[in-house]
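The values are calculated or read from the model by the stated rules, or taken from the named source; none is laboratory data. As the structure is a computational prediction, the values presented were derived from the model and not from experiment. All Cβ positions, glycine included, derive from the backbone under ideal geometry; neighbour counts span all protein chains shown.
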Amino acid sequence: MFRHSQLESVKSWLTHPASAALPLHARIQRAIRQMILDGAIAPGRPLPASRALAVSLGVSRDTVEAAYTQLHAEGFIERRVGSGSFVADGSGFPVRPRRQSSGAMVSPPALSRRGTMMAMGGGVREAASPHPFAPGIPETRTFPLALWERLQRQVMKEAGTRALLHGDPQGVEPLRRAIADYVNLERGARASPDQVLVLTCAQQAMMLCATVLLDPGERIYLEDPAYYGARRAFEAAGLDCVPVPVDGQGITVAPVLDDPRPARALCLTPSHQFPTGATLALDRRLALIDWAARQQAWIIEDDYDSEFHYAGRPTACVQGLDPHGRTIYIGTFTKSLFPGLRIGYAVLPPHLVQPMTAARTLLDGHTAPLAQLTLARFMEGGHFGAHVRSMRSLYARRLDVLSGLVRRHLSGRLEAHCPAGGLQMACGLTDATTEQAAVEAARAAGVTLLGLSGLYADRNSPGISGFLLGFAAYTTTEMEEAVKALAGAFGRLRGAGHS
């Protein structure tokens, strides 16, 4: 017969919510199996008779018999006619040592150096249900879902079950053609469909660049401040990330050109620098293109939200200016359409297409063909351009509303730096409140703030203390309520003497 503690262990499996979906015999079988693996029941020890255990557990004998039958089939117990059931001798399964007492320290499993870097970096997490002022999120509530559904039905009717199979790891040809046409016309790129690699997201493109183009220990220049996802991708790959200051004209080029130890790559957000919003000056673009050609280095151009420019036409991309084929252009539909689409892309120099595509197959194989074909049709029909134009107008109005709300309710505490484009606005702290205290107070008030200081690699950088306020995904009413909540939270901080 089981000891009291062993019987209670089996009973806990019967009542635990995690086991609720399992039939009774499976819960009993797994409970006994776990005790055997943990060494709580020694090899050769007898198990209770099925009738006795059934009475103790308050179940039918057939239920216990079914559990014993499964344990016997798996080799955990032996059944002897006339003698009963016994724990097997252990030669056929890995009996674990008895669990250590609760006070004993158990070492966690060791990670690789790269795994440790990934874990320490914290990854890149986005809010599943964002609320003001989470940055980088587009308006999704007005997306033309009925149109998208109709186009998807057309794709399914024409492609049939072919859309359910594995896809081309480089991306379906109609979408690669549509992307090439778009970046050539709207972004001034020089791309053919054969140069386009369709990916899951821009973050995947960063990881590919980090691992395919550079070796651990090699140097890469990053804007400072910079997008945290890019820095974490390069750090996780074991690269030496060298911060380069940013001013009102984008990344400063002197630290790059004058460095006696040149880097193997440079990562830029030239059209709309993240997070400052600066646009990289033309003379700096040309200087960096020349540097990359001379050093045989790579320029990784992240063009994450250039569709949304509110003052004139967007500046042409660096890739279109580069005659040497040293620029990798990265784009995404996460910002221009909706995050759940999970489609990004890279425009590659021709000789990088095959190795990058091969490397991509080791990550996730391919992007879902049905979504790609639907997006291609959405773009070919002119719907993408119409949606972007509509959102650009909407976001411009929302930016104007938010900047006015900040001036009206947070004057003397925040200074708005109204951007020429993008989905978020940088605001500098102008009172004695610390950034961390303000972020925590805002969170308690139901408002999301992304602090600017965490985007700097160089903690001694003279960058402003403040936040990014996303505005694209939030209505005027939502923003007004959030700004008032923020003003109240800041007021309470000041009254409590926090700084």
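Brief remarks follow.
- The residue that is surrounded by the fewest Cβ atoms within 10 Å (Cβ to Cβ), among those in the stretch 35-50 that are within 50 Å of the chain's Cα centre (by Cα) and assigned to a loop (DSSP other than H, G, I, E, B), is Ala42.
- Number of residues in the stretch 185-211 that are in contact (Cβ under 8 Å) with a residue 40 or more places away in the chain, in a helix (DSSP H, G or I) and crowded, with 16+ Cβ neighbours inside 10 Å: the value is 12.
- Test: residue in the stretch 127-138 that is free of Cβ contacts under 8 Å to residues at least 12 places away in the same chain and out of contact with any helix residue (DSSP H, G or I) (no Cβ under 6 Å at 6 or more places or on another chain): yes
- Flag for Gly331 being assigned by TED's automatic domain parsing to the domain that holds Ala163, in contact with a Cys (Cβ under 6 Å, 6 or more places away or on another chain) and either crowded, with 21+ Cβ neighbours inside 10 Å or of a type in the set (A, V, I, L, M, F, W, C) (or both): no
- Members of the stretch 150-172 found to be under 26 Å from the mean Cα position of the chain (by Cα), assigned to a helix (DSSP H, G or I) and surrounded by fewer than 17 Cβ atoms within 10 Å (Cβ to Cβ), listed by number: Leu164
- Of all residues in the stretch 282-295, those that are within 20 Å of Leu222 (Cβ to Cβ) have Cβ atoms under 7 Å from Cβ atoms of residues that are assigned to a helix (DSSP H, G or I), 6 or more apart or on another chain, in Arg285/Val318; Arg285/Leu321; Ala287/Leu257; Leu288/Val256; Ile289/Val318; Ile289/Leu321; Trp291/Val256; Trp291/Leu257.
- Number of positions in the stretch 272-319 that are part of a loop (DSSP other than H, G, I, E, B) and within 24 Å of the chain's Cα centre (by Cα): 12
A quick yes/no check of all residues on (1) of a type in the set (Val, Ile, Thr); (2) modelled with pLDDT of 90 or more:
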residue	(1), (2)
Leu53	no, yes
Ser60	no, yes
Tyr68	no, yes
Gly90	no, no
Val95	yes, no
Val106	yes, no
Met117	no, no
Ala134	no, yes
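- Within the stretch 214-251, the set of residues being under 17 Å from Ile330 (Cα atoms) and of a type in the set (Gly, Ala, Ser) comprises Ala226, Gly229, Ala230, Ala233.
- Sole residue being under 15 Å from Gly121 (Cβ atoms) and either surrounded by fewer than 24 Cβ atoms within 10 Å (Cβ to Cβ) or free of Cβ contacts under 8 Å to residues at least 24 places away in the same chain (or both), chosen from Gly217, Gly229: Gly229
- Of the candidates Gly248, Gly217, Gly229, the single residue that is out of contact with any Phe, Trp or Tyr (no Cβ under 7 Å at 6 or more places or on another chain) and either of a type in the set (Val, Ile, Thr) or at pLDDT 95 or above (or both) is Gly217.
- Qualifying position, being among the hydrophobic types (A, V, I, L, M, F, W, C) and either in a strand (DSSP E or B) or without any contact (Cβ under 8 Å) to a residue 12 or more places away in the chain (or both), among Leu22, Leu14, Leu71, Leu7: Leu22
- In the stretch 51-60, of all residues being part of a helix (DSSP H, G or I) and under 51 Å from the mean Cα position of the chain (by Cα), the one that is surrounded by the fewest Cβ atoms within 10 Å (Cβ to Cβ) corresponds to Ser56.
- Listed conditions (1) touching a Phe, Trp or Tyr at 6+ places or on another chain (Cβ under 6 Å); (2) of a type outside the set (A, V, I, L, M, F, W, C); (3) at positive phi are all met by Gly331, apart from (3).
- The residues on offer are Met425, Met479, and the sole one that is surrounded by 19 or more Cβ atoms within 10 Å (Cβ to Cβ) and either farther than 24 Å from Pro225 by Cα or in the same structural domain as Gln249 (by TED's automatic domain parsing) (or both) is Met479.
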